[in-house]
Amino acid sequence: MDRSGAPGYLPSMTYRTRKRLALLTLVVGLPLYVALALWLVSLFDRPPILVELLIYVALGVLWAIPLKRVFLGVGKADPDAPGADGRR
């Protein structure tokens, strides 16, 4: 099955590699990103609560945009696995 035209498809990464990279990102990268966001916000005087909420919501969504292609399809069955349903 040729998926080269699928949006967000990473041809150089196998399903297993994307799954491992997604796990590494969630376990290591996301806590580092949260710590960085908290540190950056602490550099300034505390803004009003709604502005602070908006900042945290924006930062909470911003991390996922560049990693969208890594997480795409990770929760689905392995397309490279033998069998009709993708299970081994």
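Computed from the coordinates by the stated procedures, all read-outs in this text should not be read as laboratory data. In this text the structure is predicted, and so the values were computed from the model without any measurement. Here the Cβ is made from the backbone with ideal geometry for all residues, glycine too, and neighbour counts use every protein chain on show.
Table for the structure above
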| item | result |
| --- | --- |
| Overall Cα dimensions of the stretch 31-71, principal axis frame, Å, largest first | 35, 19, 11 |
| Packing-based ranking, highest mean first, of 52-65, 17-30 given that Cβ atoms within 10 Å are counted | 17-30, 52-65 |
| Amide N of the stretch 14-47 lying under 11 Å from the label point, which is placed 7 angstrom from the Cα of Trp63 along Cα→Cβ | 25-38 |
| Computed FRET value (nearest 0.05) for Leu38 with Arg16, which takes r as the C-beta separation and R₀ as 35 Å | 0.60 |
